[in-house]
Amino acid sequence: MTPVSWLEIFANYSEGFRSPSVVNDVIFNSTVKPIKLRSREVGIQIQPTSRFKFLADLWYTTLTQEIFQATAGLDPQNLGHSIREGYDIE
């Protein structure tokens, strides 16, 4: 939304999933289910002049089954449910 020319308010929502890989995931754990991701973001951008811009946003992401592989060749590890949250200021 742009209520006035110098202010923008935004929000984003997304969902996604990744099916287990037969080679990398199912061989190590036959009960693994699709990984589901949900992400939300809200923020503002203020630009009072053409030379100055301020942007700030907050974000929050959940992942049902985070899989970590330290390096190629090592077995993947199921870390379970994970949350990422943070903010950006520019």
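Summary of computed values
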read-out: Residues satisfying the stated conditions in the range 80-90, i.e. part of a strand (DSSP E or B) and open to solvent by 90 Å² or more (accessible area, probe 1.4 Å); value: 81, 84, 85, 87, 89
read-out: Residues of the range 44-90 that turn out to be within 30 Å of residue 9 (Cα to Cα) and free of Cβ contacts under 8 Å to residues at least 12 places away in the same chain, as a count; value: 4
read-out: Residue list for the range 6-28, filter: loosely packed, with under 13 Cβ neighbours inside 10 Å, modelled with pLDDT of 85 or more and of a type outside the set (A, V, I, L, M, F, W, C); value: 12, 13, 14, 15, 16
read-out: Any hit, the range 29-44, residues being closer than 23 Å to residue 86 by Cα, more than 17 Å from the chain's Cα centre (by Cα) and either loosely packed, with under 11 Cβ neighbours inside 10 Å or at pLDDT 95 or above (or both); value: yes
read-out: Top-ranked residue of the range 61-90 - restricted to ones that are of a type in the set (D, E, K, R) and under 18 Å from the mean Cα position of the chain (by Cα), ranked as modelled with the lowest pLDDT; value: 66
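The values are calculated or read from the model by the stated rules, or taken from the named source; none is laboratory data. The structure displayed is predicted, hence computed values, not measured ones. A quick note on method: Cβ atoms are made from the backbone with ideal geometry, for glycine too, and the neighbour counts reach across all protein chains shown. Accessible surface is based on the protein model in full, side chains and every heavy atom, while ligands, DNA and RNA are left aside. Shrake-Rupley method; radii C 1.70, N 1.55, O 1.52, S 1.80 Å.
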